[in-house]
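Below you'll find the structure, written out as structure tokens, and then a few comments.
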Amino acid sequence: MRYRALGRTGLDVSALSFGASSLGGVFRAIEEAQGIEAVHAALEGGMNLIDVSPYYGLTKAETVLGKALRGIERDRYVLATKFGRYGDAEFDFSAARVAHSLDESLARLGVEHIDIFQAHDIEFGDLDQIVQETLPAMQRLKDAGKARFIGITGLPLIVFTEVLERVGDGTIDTVLSYCHYELNDTALLGILPALERRGVGIMNASPLGMGLLSSRGTPDWHPAPERVKRACARAAAHCSQVGADLAKLAIQFSVRESRIPTTLVGTASPRNIQKNLRWIEEPIDEELLAEVRRILEPVHNVTWPSGRP
Ligand code: NAD
């Protein structure tokens, strides 16, 4: 496993990390014991960053993760969770809720501090409130030692640059972006210089495009436009025809970009975690990569709306 510096946090994070939304049964119903085994397989394989949220499975993911982490030395993992999103359309970024939310997460996770505490999907909030009320409240929790670092997450990349322009350097330690550095979408590269200039640690989530880039296909709730889903299905079929796996190519592609410190992949299957760990140590098939990128070219960087207009 390769480890890379996460901005100016001083943390070295694994190039491939564990996304725990899967533990909330977001993709399919899961066996709790299997989910716990997946977390252990991830840690044993060298992944040291775990990302979760109260939103995933409406607190279930945090609860299952808390069980998995019981008895594991606290310095073996960097724990990231979130607040502010509590349902598909339920958001609260108020200062009062931030503090309660952190305490609730600490209790569910069975830990005394969170390493990276993030405002979840800020495009659904009022950015004035995020800047004037939410971030100062998060800073107070950081000062109190309950959170070591603070960050923001979301889909439209513009919310990151907008918020960063409105706060002082060092206010935001990390940014978690998803579905913007993967085979069909590399838009994250466009804002890397702005993030790097401010020393912000970048976490890239969803190398499989939340299921777009695997032969299993997308879950019903997947927000991508149909033409993106169709192009990805064609790419998966092409890989199958030549005896390859699109998921493997997708994970290798995201992880090899050294300017992106870490990529978060989700799965509650210990077998898939082991596969993913093995895949990132193997060389990428450049010829297949070129073929797949040609298939995906017509939908490159095609995304979908998220948050307030
Ligand atoms: P992902 O792209 O990692 O895809 C997950 C899907 O891929 C699951 O269905 C999983 O079973 C499948 N998968 C994993 N390994 C596989 C393999 N080897 N072969 C075949 N299929 C495989 O998407 P994700 O889980 O949404 O993203 C990863 C993590 O990133 C999340 O768990 C979460 O922690 C974080 N995230 C955060 C936000 C946010 O903050 N707004 C949004 C998206 C993701």
Using a Gaussian network model of the chain whose springs link C-alpha atoms within less than 10 Å, name the residue from Thr161, Thr153, Thr174 with the highest mean-square fluctuation. Thr161
Helix-derived [θ] at 222 nm for the chain: sum -39500 (n - 2.57) over DSSP H runs of at least 4, divide by residue count, nearest 500? -11500 deg cm²/dmol
With every protein chain left in place, what is the accessible area per residue of the chain in square angstrom, probe 1.4 Å? 41 Å²
Give me the number: length gained by fully extending Asp169 to Arg278, i.e. 0.36 nm times residue separation minus the C-alpha to C-alpha distance, one decimal in nm. 35.5 nm
Counting residues in the stretch 143-198 as N, plug N into 2.2 N^0.38 Å and put the Cα Rg over that result. 1.22
To the nearest 10 square angstrom, how much accessible area does Leu155 have with a 1.4 angstrom probe? 0 Å²
Cα-projected label distance for Arg8 with Glu104, points at 7 Å along beta-carbon direction, nm: 3.3 nm
Of all DSSP beta bridges in the chain, antiparallel share, percent nearest 5: 15 percent
Treating only Lys and Arg (+1) and Asp and Glu (-1) as charged, each at its beta carbon, one finds that the chain has a dipole about its Cα centre, in Debye to the nearest 20, of 300 debye
Of the residues Ile284, Ser240, Met210, the Cα lying farthest along the dipole of the stretch 201-309 towards its positive end, which is defined by charges on the beta carbon of Lys, Arg, Asp and Glu, belongs to Met210
Thinking of the stretch 184-275 as a set of Cα atoms, what percent of all their pairs are more than 18 Å apart? 50 percent
How big is the chain along each principal axis, measuring the range of its Cα positions in Å and listing the largest first? 55, 42, 34
Computed on alpha carbon atoms, what radius of gyration and Dmax characterise the stretch 1-126, expressed in Å? 14.3, 40
Quick one: which residues, 5 or more positions from Asp185 or on another chain, have an amide H under 5 Å from its amide H? H modelled 1.01 Å from N in the peptide plane, none for Pro or chain starts. Asn301
Normalising by the residue count of the chain, find the relative contact order in percent from Cα pairs under 8 Å and 6+ residues apart. 22 percent
Amide H contacts of Thr262 (H built 1.01 Å from N, under 5 Å, at least 5 apart or other chain): Asn204
Just the number, please: carbon plus sulfur as a percent of the accessible area of the chain, 1.4 Å probe, no ligands or DNA/RNA counted. 49 percent
Cα-Cα separations in the stretch 94-192 greater than 19 Å, expressed as whole percent: 43 percent
Could you tell me how far the Cα centroid of the stretch 66-93 sits from the Cα centroid of the stretch 222-286, in Å? 25 Å
With point charges of +1 on the Cβ of Lys and Arg and -1 on the Cβ of Asp and Glu, referenced to the Cα centre of the chain, which listed residue (Gly190, Asn301, Gly266) lies farthest in the positive direction of the dipole? Gly266
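The values are calculated or read from the model by the stated rules, or taken from the named source; none is laboratory data. No experiment lies behind these values; they were computed from the predicted model shown. Cβ atoms come from the backbone with ideal geometry, glycine included; neighbour counts cover every protein chain shown. The accessibility values were calculated without ligands, DNA or RNA, using every heavy atom of the protein model including side chains. Shrake-Rupley method; radii C 1.70, N 1.55, O 1.52, S 1.80 Å.
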